[in-house]
């Protein structure tokens with residue numbers, strides 16, 4: 001087996017490093033996209049909870065006002 005010239009070794013090493021970096025970068029993008037989706041879902045859940053409490057508080061205020069009107 002003939003030894004490969006150092007330029008060819010460097011080129012093949014560079015190509016392997018680039019492929020590895022591209023794979024890692026794509027994985028990071030996928031992870032960030034998943035985090036964004038989870039954050040959006042969490043914000044929607046928080047918004048729903050806030051609306052629920054606002055409706056409960058609003059109905060308590062309306063009920064208290066109607067009780068005061070009849071007393």
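Every number in this text was worked out from the coordinates using simple rules, so none of it is lab data. As the structure is a computational prediction, the values presented were derived from the model and not from experiment. Neighbour counts are summed over all protein chains in view; Cβ atoms, including those assigned to glycine, are modelled from backbone coordinates with ideal geometry.
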Virtual spin-label span in nm between residue 48 and residue 6, 7 Å along Cα→Cβ: 6.4 nm
Contour minus Cα-Cα distance for residue 57 and residue 26 (0.36 nm per residue): 6.5 nm
Rough spin-label spacing in nm, given labels placed 7 Å along Cα→Cβ, for residue 37 and residue 15: 3.4 nm
